[in-house]
Every structure is written in C-alpha cells, then in structure tokens.
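Just dropping this structure here.
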Amino acid sequence: MPLQGTVREGDWVRLVVPVIVLVASVAACSAMGPADAGTPTACRPGNADQWIGRAASAAVVEQARVASGSQDVRLVMPDEATDEVVRSDRLSLYLDDGALITRTTCS
C-alpha cells in the first residue's frame, strides 16, 4: 500500500506526542544524579588538616574537600556567623584575614 501524501487532522498529534514524551523522558534521566548521590558521605576533617596554613585557593579547597571525603565545603571568614545546622557531609574551612586556612571541622 503506497503512502499517502496528505495528513489528516489529528494525525500529527499521534506522531508528535510520543516524540515529546520520549524527549522529556531522556531529558529527565540525564538531569538525574548517580544512583548513590543521595547517600551522604561522612566528612573526616582530620584528613584535611594538612592544608592548615595554606591559602584557600580553589585548588586547595577542592583538595581538602576530597581528602576529607565530604560532599560539600564552605569557607568561614573571621567574625562570620555560621548556621547551627550540622551536616556530616560538609567540610568547613575557617580562614583568617589573609585567607589562610586556620581550622577544619565538619558542620
């Protein structure tokens, strides 16, 4: 049976809707993190102590985060108020006025 050159009204909906659903499904899956992303990693601040006294450059901060096993890191400046929320997956690096790391904790 040869293909017809005309498309009836409503036929485009049957063609376009499945394509939209497929594209939306793929987009949703690609935006998801890895399966274990919800599992918090315990922070070990002692592993980041080797960076105490060093300037808090982006590379040093990332190295300290990785060494501590934490998922997140925050920089705490002198006299900066911090929240009371304790997170076992966050490394806190306390800095002095010269942006040198003076202390590491998990919070």
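The values are calculated or read from the model by the stated rules, or taken from the named source; none is laboratory data. In this text, all values refer to a predicted model and were calculated from it rather than measured experimentally. All Cβ positions, glycine included, derive from the backbone under ideal geometry; neighbour counts span all protein chains shown.
Condition check ((1) part of a loop (DSSP other than H, G, I, E, B); (2) modelled with pLDDT of 80 or more) across all residues:
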residue: 19; (1), (2): no, no
residue: 36; (1), (2): yes, no
residue: 49; (1), (2): no, yes
residue: 75; (1), (2): no, yes
residue: 83; (1), (2): yes, yes
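Rundown of residues vs (1) out of contact with any strand residue (DSSP E or B) (no Cβ under 8 Å at 6 or more places or on another chain); (2) under 17 Å from residue 46 (Cα atoms), yes/no style:
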residue	(1), (2)
77	no, no
84	yes, no
88	no, yes
92	no, yes
99	no, no
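Considering only segment 78-99, state which residues are surrounded by fewer than 16 Cβ atoms within 10 Å (Cβ to Cβ) and over 22 Å from the mean Cα position of the chain (by Cα).
Residues satisfying the conditions are 78, 79, 80, 81, 96, 97, 98, 99.
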